[in-house]
Amino acid sequence: MGKIKEIFTSWRVWLLLFLIIASYAAINPRFKADGLTISQVDFNSSAYINGVPDNVQITEINGKPVNTMGDYEAIAAGIKPGDLVKITALQKPFAFRAAEKDNQTYLGITVEPVPTSNLKKGLDLVGGVRVLLKPAEKVSQSQFADLIDITQKRLNVFGLKDISVKQVSDLEGNNFLLVEMAGATQQEAIKLISEQGKFEAKIGNETAFSGAEIKQVSRSAQQGAGVQRCAESEGWVCRFMFPVTITPEAAKRHASITGKLAVTTNVGEESYLEKKLDLYVDDELVDSLYISASLKGQEATEFTIQGSGGGGTKEAAFNSALDNMKRLQTILITGSLPVKLQIEKVDVISPALGSEFLRTAIIALFAAIVAVGVIIAIRYRKPHIAIPIMLTSLSEVFIVFGVAALIKQNIDLAAIAGVLATVGTGVDAQLVITDEVLERGSQFSYDWKEKLKRALFIIMGSYATVVAAMIPLLAVGAGLLKGFAIVTIIGASIGVFVTRPAYARIIEVLLNK
């Protein structure tokens with residue numbers, strides 16, 4: 001008991017305890033946070049139309065309790081297109097019909113576990129999509145800022161939440177756009193962010209108006225937007241339409257072009273001009289619309305954009321048309337990117353797999369600490385040495401997580417690898433200190449402080465080497481190893497300035513007979 005009191009006379013030990021308590025407050029663990037929340041409801045999905053909200057906790061689906069991602073996956077697997085889905089969210093029920101999309105059941109919602117702490121988990125652990133894109137040509141910094149801004153707006157307009165868009169680079173100086181979207185796979189979103197989105201409406205070879213000349217895009221059914229009709233023809237085809245408003249200058253140009261055209265086409269009782277209004281996105285024809293004879297030479301500022309979607313069933317065609325409408329509306333609202341983007345890499349991780357990654361990573365982390373303790377106990381044949389080393393390693397890991405929660409650093413697999421590296425370097429430093437103490441012999445009273453100084457000098461040299469080695473990793477792999485580098489630097493810094501000095505005091509007292 002006397003040695004324990006002596007240990008707590010050191011300010012280094014009290015600093016360690018203070019940071020452990022502060023880390024607990026920063027992490028703020030919530031041990032009774034079972035359940036799932038709806039993190040996203042897809043725009044114009046059946047769930048959206050029927051008023052299912054996001055950011056609410058769900059307790060049941062079709063009368064079955066939902067506490068884990070496994071529960072949700074099992075229930076969702078049994079739902080077929082057309083089935084009624086009943087969701088109880090905080091004791092308030094919602095109901096909608098499941099749809100079909102890409103030949104699979106489509107619910108239109110994304111769920112994720114209720115947060116159990118302030119730690120921000122990366123896509124590796126919560127599931128989602130990571131897309132790495134490279135500009136097709138060299139761009140300036142201001143153009144790259146426009147890329148980030150427009151891409152962010154596109155995804156927001158498209159209806160996605162919990163997204164991250166940032167610029168990253170590699171050691172060769174190449175710049176990339178890194179987009180991370182938590183939740184389920186969004187194939188339409190991946191296509192959307194890779195398109196330049198240059199819109200043109202042409203009559204023959206003349207541009208009537210461009211995307212930059214569209215002032216307003218209607219998106220609601222009350223304004224005339226939506227999927228209007230479906231027909232069966234070698235499968236199903238559904239048509240969508242939505243009104244747009246163009247600038248007066250574009251209206252004059254449209255009037256000038258149409259004023260030269262003859263009325264030659266008749267469809268039913270309607271008369272149309274000899275040429276159509278062709279709609280292009282990135283120089284690809286997406287649809288051709290008849291121009292009413294009443295618009296000949298008229299400076300009209302309002303037009304209806306139309307398009308279609310197809311599928312094997314009426315429901316699949318409806319969803320395809322809806323997605324195509326959302327994509328085109330998004331491009332017109334946010335404008336075109338300054339350059340085209342090429343997809344370099346796409347990583348897709350399911351939420352269930354991400355949860356398994358987290359569980360395995362935590363087990364590996366604690367198993368490594370226990371294994372180190374066993375090996376040290378065998379080597380020194382002094383269990384009371386192994387216990388402080390293990391406790392110091394655990395406190396180091398806990399403080400690293402506390403700092404990560406404070407600065408909102410993503411904890412992904414790369415970051416957890418950084419934590420493991422921190423444990424390794426920390427144990428190595430503690431062994432240096434321990435060896436110096438055990439080698440003191442009869443000269444302990446004479447050179448104890450000198451030995452500790454020598455041990456800490458070695459540790460500081462190792463720390464400088466680790467930090468120097470991590471700096472290049474901030475850019476390697478287009479920044480995908482950034483989490484590893486940041487967490488390793490944080491862990492090494494905490495070890496050098498907090499945990500290892502505290503351990504030196506603890507081992508000094510324990511081995512001072």
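Of the candidates S445, S493, the single residue that is surrounded by fewer than 18 Cβ atoms within 10 Å (Cβ to Cβ) and modelled with pLDDT of 85 or more is S493.
Within the stretch 340-391, the set of residues being touching a Lys or Arg at 6+ places or on another chain (Cβ under 7 Å) and of a type in the set (S, T, N, Q) comprises just one member, Q342. Quick check: anything in the stretch 237-253 assigned to a loop (DSSP other than H, G, I, E, B) and farther than 22 Å from L322 by Cα? For the stretch 237-253, residues assigned to a loop (DSSP other than H, G, I, E, B) and farther than 22 Å from L322 by Cα: present.
Do any helices (runs of 4 or more DSSP H) lying entirely in the stretch 108-208 carry at least 2 residues that are within 30 Å of I291 (Cβ to Cβ), and which ones are they?
Of the helices (runs of 4 or more DSSP H) lying wholly inside the stretch 108-208, those with at least 2 residues that are within 30 Å of I291 (Cβ to Cβ) span 141-158, 187-194.
Among the residues of the stretch 243-272, those identified as of a type in the set (V, I, T) and free of Cβ contacts under 8 Å to residues at least 24 places away in the same chain are T264, V267. Scanning the stretch 22-81 for residues that are over 24 Å from S117 (Cα atoms), under 23 Å from the mean Cα position of the chain (by Cα) and in a loop (DSSP other than H, G, I, E, B) yields D42, F43, N44, S45, V52.
Table: residues versus (1) outside any helix (DSSP H, G or I); (2) under 28 Å from the mean Cα position of the chain (by Cα); (3) at pLDDT 85 or above; (4) surrounded by 21 or more Cβ atoms within 10 Å (Cβ to Cβ).
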| residue | (1), (2), (3), (4) |
| --- | --- |
| P338 | yes, yes, no, no |
| V348 | yes, yes, no, no |
| S355 | no, yes, no, no |
| F366 | no, yes, no, no |
| A404 | no, yes, yes, yes |
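In this entry, F240 is excluded by the filter for residues that are in contact with a His (Cβ under 9 Å, 6 or more places away or on another chain), in contact (Cβ under 8 Å) with a residue 12 or more places away in the chain and surrounded by 15 or more Cβ atoms within 10 Å (Cβ to Cβ). Across the stretch 238-245, a minimum of one residue is classified as among the charged types (D, E, K, R), under 23 Å from V281 (Cα atoms) and under 41 Å from the mean Cα position of the chain (by Cα).
Cβ-Cβ contacts under 6 Å between residues 6 or more apart (or on different chains), taken from a first residue in the stretch 409-436 that is within 16 Å of L358 (Cα to Cα) to a second residue that is among the aromatic types (F, W, Y) and surrounded by 21 or more Cβ atoms within 10 Å (Cβ to Cβ), are listed as A414/F484; A417/F484; G418/F484. All conditions in (1) modelled with pLDDT of 85 or more; (2) within 16 Å of L431 (Cβ to Cβ) hold for I399, with the sole exception of (2). Exactly one residue among E195, E100, E200 is under 20 Å from Y72 (Cα atoms), touching a residue at least 60 places away in the same chain (Cβ under 8 Å) and not aliphatic (A, V, I, L, M), and that residue is E100. Against the list (1) over 17 Å from A189 (Cβ atoms); (2) not in a strand (DSSP E or B), the condition S308 fails is (2). Does K134 qualify as being under 22 Å from R359 (Cβ atoms) and either touching a residue at least 12 places away in the same chain (Cβ under 8 Å) or aromatic (F, W, Y) (or both)? It is false that K134 is under 22 Å from R359 (Cβ atoms) and either touching a residue at least 12 places away in the same chain (Cβ under 8 Å) or aromatic (F, W, Y) (or both). Checking the stated criteria, I331 turns out not to satisfy the condition of being under 23 Å from the mean Cα position of the chain (by Cα) and not in a helix (DSSP H, G or I).
Name the single residue, out of those in the stretch 17-46 being under 20 Å from M181 (Cα atoms) and in contact with a Phe, Trp or Tyr (Cβ under 8 Å, 6 or more places away or on another chain), that is surrounded by the fewest Cβ atoms within 10 Å (Cβ to Cβ).
Taking the candidates together, the pick is F43.
Just to be sure, is K275 in a loop (DSSP other than H, G, I, E, B) and either among the basic types (K, R) or surrounded by fewer than 17 Cβ atoms within 10 Å (Cβ to Cβ) (or both)? Yes, satisfied.
Return the pairs, sorted by first residue and then second, in which the second residue is assigned to a strand (DSSP E or B), the first residue lies in the stretch 211-226 and is among the acidic types (D, E), the beta carbons are less than 8 Å apart, and the residues are 6+ apart or on different chains. Going by the 8 Å Cβ cut-off, the qualifying pairs are E213/I246.
Has the stretch 281-298 got any residue that is touching a Phe, Trp or Tyr at 6+ places or on another chain (Cβ under 9 Å), at pLDDT below 90 and surrounded by fewer than 15 Cβ atoms within 10 Å (Cβ to Cβ)? No: the stretch 281-298 contains no residue that is touching a Phe, Trp or Tyr at 6+ places or on another chain (Cβ under 9 Å), at pLDDT below 90 and surrounded by fewer than 15 Cβ atoms within 10 Å (Cβ to Cβ).
The values are calculated or read from the model by the stated rules, or taken from the named source; none is laboratory data. Only a predicted model underlies this, so the values are computations on that prediction, with no experimental measurement involved. A quick note on method: Cβ atoms are made from the backbone with ideal geometry, for glycine too, and the neighbour counts reach across all protein chains shown.
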